[in-house]
Structure formats: C-alpha cells, structure tokens
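Structure record follows, encoded as structure tokens.
The values are calculated or read from the model by the stated rules, or taken from the named source; none is laboratory data. Just so it is clear, the structure is predicted and the values come from calculations on it, not from any experiment. So basically every Cβ, Gly included, is an ideal-geometry build from the backbone, and we count neighbours across all protein chains shown. When the accessible area is computed, the model is the full protein with side chains, heavy atoms only, and any ligands, DNA or RNA have been set aside. Shrake-Rupley method; radii C 1.70, N 1.55, O 1.52, S 1.80 Å.
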Amino acid sequence: MNEKIDIPVALTALSLEEKAALLSGRNAWETAGNERPRIASVVLTDGPHGVRNLAADVRQSGFGVAEPATCFPTAAALGSSWDADLLTRVGEALGAESRAAGVAVLLGPGVNIKRSPLCGRNFEYLSEDPLVAGRLGAALVSGVQSQGVGASVKHFAANNQETERMRVSAEVDEWTLREIYLPAFEYIVRTAKPWTVMAAYNRINGVHAAQNRWLLTEVLREEWAFDGVVVSDWGAVADPVAAVAAGLDLEMPGTSGASAAQLVKAVQGGHLPEKALDQAVTRLLELLDRVAGGEPAHEVDFAAHHALARRAAAESAVLLKNDGSILPLDASGSIAVIGELARTPRFQGAGSSQVNPVKVDNALEALELLFEPGYLLSGEPDTTLLDAAVAAAAVAEVVVVFLGLPEGEESEGFDRRHIDLPAVQLRLLEAVARVNQNVVVVLANGGVVEVASWQHHAKAVLEGWLAGQAGGGALADLLFGRVNPSGRLAVAPIFLAIGATGGEKNYALLYFIAAAFTVAGGLVVLLRVKSVR
C-alpha cells in the first residue's frame, strides 16, 4: 500500500508541531500524513462483521453510504459457532476486502463481556465468557492480519453498556477486572498480536479509559507486551494531553488541529515530555510500515465470501427445541411461512457497524412457500394481517413463524428496557398455535430474548441471530435438513427477572452467577459478574 518508512530519520525530521499533528486524525476516517518525510495517510474503518468503507469524497464528514461489502453474521452469532477455524476464515475474508478497498485498519473484533442482557450493543460481542471471547477474537484477528490489514480489538475495557457511555464510570475492583473483563483482551494481545487496540468511551474507576495509564501502559504494554498502536474510540478523548501521557497514540476522529495545539502547548510548558510524543509517533509509523509490508491487494471474490457467510450463519444457529423431531421439514408437505421478518430480514445490527451488503438473501425467497406477514415491524397492531396469517396457518401442515427484534428494539447508542419480543409478534404466535400445533419458530435477534413464557406454543425453536447477508439461505438449509444446526449458546440461557415498575420488567445481574460449560477440555468456567455503575 505504502512505502516503508525510515523511522529514526523521519522522527528527526519532524518538528514538535508536526509530531503533534500526526497524533490525531486528518478527518473522520483517515490518519494525518506528512509529505515532507513521506508519511502516508491511511484509512481506518468499521467494522466487526463487514467493511464499512466510506467513499473518499465523504470521509471528511464521516457520513454517507458505504461501499458494498460482504455482511457476515454478527459476533453474537459467530460466538455460538464455537469454531475458531471458521472465524479465522471469516477474518481472512474481512481482511481481503479491507485490503482491496485500501483500508489499513479494520475496527474489530469487539470482545467486551456481555455483563447485562440489556446492552444494546451485545450483537457486536462474542460472549459473556472471557475464554470463548478470547479464543474466537484471536481467530478473527489472526485472519484479518494475515491479509496485511491491522485489526483493532475493542473496546478496551469494561465497556458493557450504551447508556451514558461517554460519561459512565465502571466501578470494578482489580480482581474482577482481571478475572472477567480483561482476559479476552490479554489472550488476544499475547497470542494474535493485534496491530491496534481501541480505548473505550467509558471511565474505569473514575478515569477515562483513553487516559488511564494503568490500563494502557502498565497492563497493556508492560505486562502483556503489546507493541502496537492504541487508538481512541471515536470521540473518546476528553483531554489529549492526559491521553498521550497515559499511552494513547492516536486520537480519532480529527479535531481540526485543536488537540495538536494542546499537545504543543503542554510540551513547551513542561507539562508533557516530548519523549511521549516521540513514542506515540514511533508506534504510528511502525503501524504504517506493517501495512506497507503486505502483499498487493487481490480482486475480491464476493461470491465465495457470500458462500462463506452462508456457512457461518448455518454453523452459528442454535436449535433450542425440537419436540417430536418436527425438524427437518418435509419439503413435499404443506408449509406456511408467517412473519414479516421472513420477507424483510434483520440480518445485522444498527449503528457504526452497519454494512452496505453486496447482496441479501431472505428466507422467504429461499423457502419458496406460502407466506403471510402477520405483523408490522413498527409494532403497531394490524388485525387484517393477523387474521390472514391465522387463516393460512389453519390449512397448513406445518407453520414456520419468524419472530425477532426490529432495529428499533436494539442498537448501538441505547440499551434495551426489557428482553421480551414485541407484543404483536407474541399475539400472532399465540393465535397461530390455537389453530395449528405444528409450529416452528425462527428467531432473529442480536441480544438475548425471553422464551420461557411462549416456547410452549412451538414444537421447535431455532435461534438464527443476526445472520448476515446470506442468513436467509442458511435458514432454509437448516429448516430442510441440508445443514445440521450445530451451534451452541455462548451466553447463559437464563436471566433473573425481578420486580415490576409500571408494568415493565427490571432485570438484575448484580453479583449474578452464570456457569458456562465449554467443550474444550471439559473445562467449566464460573463467571462472577459484578455490577457496573
């Protein structure tokens, strides 16, 4: 991508002002460059399950439609595959598409622990188990970086909620941090050696993660021997001087020179040693050298990547229930497909990770069966849709009902208020079950949903997650038995619901104990989850 840099020569040639300018972005998605010592500007972009690369003419603003890319299943789905080899393959595809698009660093994977089922961004994270998150996260990093593209492991650390994420302080003792919230990062840093780590928005015990010397220098660099770049989450730096002093190397996005001016003033005033800038610039130049050392980009085989996405979606699905072996379905039988999510699939999360997919399969087209939408994704009641769906269900031998969370129910930027499916969908399921006992439910959701109150209406429940652009074809494969649903939950299936206020459930995980049983070596991991306020 770029020429190799003679780092000592470049460092000597740079003035104090030029060094400071390199430590924050040129715009929303590009690093600053410097033509005189031939330091290139490079692109960083989201995201964990697909390349969200904006065209060059809209990167300045940070907004716009991204270039088409393969949308793989989200991390919540991939975590349920428990297949490190599969995730390495997905990482390789993500890296190849990044390299072809001129992207130097892909911002992912997300390996934060799912402390609460209410976190709106849980679809971006692999597991509530640090062992699972670490092993699978390392596989993704290795795959991405094998293509000459840097990964960015995020969000470091204890970033477990969206509510007040820019201001909240996670009050966590060191024992809990080291047992639960840091091990996934540590394993990935020590084994996969990511080129970058992203500092989170939140504070930890009162100190901003992006300004936390204990976290960024003492733990990450001195204990774990991390030798890459620490980049801020976008807008996470409150004090650029404190951030560089703590071990942050790159503030994103750019601040139009404001941060650089503060750094220069701090050095000139004796409040920040110039050596701190030299260290950060050196690490940034080393990242550029790593990017420049990769093989030339190859043309992307999007058809092969779509096939991989379909395989990944199928291997991530979890069969929660199959009474009477109703699955797999007999294709020659009379089958009705009900639920708008079959026709309008929700296949990825909302927010910064949203990908512009090359193509999208929907389950309805893949199944080629009688269909009724049954409900509106807005959640508004529609008696006509409900009645038509019940009529179709009454004359079918088997009914496949697609249920799940619409985009407005979970997203980056806010947390959920409950874990229930929308009321209109539950009413549909109950009405269908009254006229047909052979009901199969297919779920589309990023975070967990409550199933105990309605699972008796269905003989089979298939958890499909947010399955990516090829999820529709994968679900058809699973329903008709062309592929075995071999996924396993990477989150605990039971959460404690207590109390009621205004008819809304309150979910508590204070000192909640969840046992996650892993297959590898018969290991049992006991998670002590501490409240974060």
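According to the Kirkwood relation over distinct C-alpha pairs, the hydrodynamic radius of segment 157-309 is 17.0 Å.
Relative to the longest principal axis of the Cα atoms of the chain, the long axis of helix 274-292 makes an angle of roughly 60 degrees.
In plain terms, the bigger the Kirkwood radius, the slower the diffusion; for segment 112-229, with that radius from Cα pairs, at 4 °C and 1.567 mPa s, Stokes-Einstein puts D at 91 µm²/s. Could you list the residues of segment 143-157 with an amide nitrogen less than 20 Å from a label point located 7 Å from the Cα of residue 304 in the Cα-to-C-beta direction? Only 143-150 pass the distance filter. In the calculated pair-distance distribution of the chain, the portion above 46 angstrom amounts to 15 percent of the Cα-Cα pairs.
What FRET efficiency, computed as 1/(1 + (r/R0)^6) with R0 = 25 Å and r the Cβ-Cβ distance, is obtained for residue 4 and residue 218, rounded to the nearest 0.05? My answer for the efficiency is 0.20. R0 = 30 Å: FRET efficiency of residue 256 with residue 356, Cβ-based, nearest 0.05? Here the calculated transfer efficiency is 0.60.
For segment 124-131, 3J(HN,Hα) computed residue by residue from phi via the Karplus equation (6.51, -1.76, 1.60; θ = phi - 60°) reads 8, 10, 7, 6, 8, 9, x, 5 Hz, glycine and proline entered as x. Between residue 321 and 461, the built amide H atoms are under 5 Å apart, and every one of these is 5 or more places off in sequence or on another chain.
In the full protein context, segment 239-283 carries 41 Å² of accessible surface per residue, based on a 1.4 Å probe and ignoring ligands, DNA and RNA. Stretching residue 388 away from residue 12 to a fully extended chain increases their span by 127.9 nm, per 0.36 nm per residue minus the current alpha-carbon distance. Label positions at residue 376 and residue 175, each projected 7 Å from the Cα along the C-beta direction, are separated by 5.4 nm.
Put a dot 7 Å past the Cα of residue 427, heading toward its Cβ, do the same for residue 274, and the two dots end up 7.1 nm apart. Estimated from helical segments only, the mean residue ellipticity of the chain at 222 nm is -9000 deg cm²/dmol, where each DSSP H run of four or more residues counts as -39500 (n - 2.57). At the listed q of 0.15, 0.22 Å⁻¹, the Debye profile of segment 4-58, built from one uniform point per Cα, gives log10 I(q)/I(0) equal to -0.52, -0.86.
Maximal additional length on extending the residue 295-residue 282 stretch stands at 2.4 nm, based on 0.36 nm per residue less the C-alpha distance. Coupling constants for segment 385-401 follow from the phi torsions by the Karplus curve (6.51 cos²θ - 1.76 cosθ + 1.60, θ = phi - 60°), and in residue order they are 4, 5, 5, 5, 5, 5, 5, 5, 5, 5, 9, 8, 6, 9, 10, 9, 10 Hz; glycine and proline get x. Using 0.36 nm per residue and subtracting the Cα-Cα separation, the extra length available between residue 488 and residue 207 on full extension is 97.5 nm. Rolling a 1.4 angstrom probe over the chain with all protein chains present gives an accessible area of which 52% lies on carbon and sulfur atoms. With both labels modelled 7 Å from their Cα along Cα-to-Cβ, the residue 437 to residue 325 distance reads 1.8 nm. Segment 324-444 gives an Rg/Rh value of 0.99, both radii derived from C-alpha positions and Rh following Kirkwood.
The string of couplings for segment 117-123 from the Karplus curve (6.51, -1.76, 1.60, θ = phi - 60°) is x, 8, 4, x, 9, 4, 5 Hz, one whole number per residue in order, with x for Gly and Pro.
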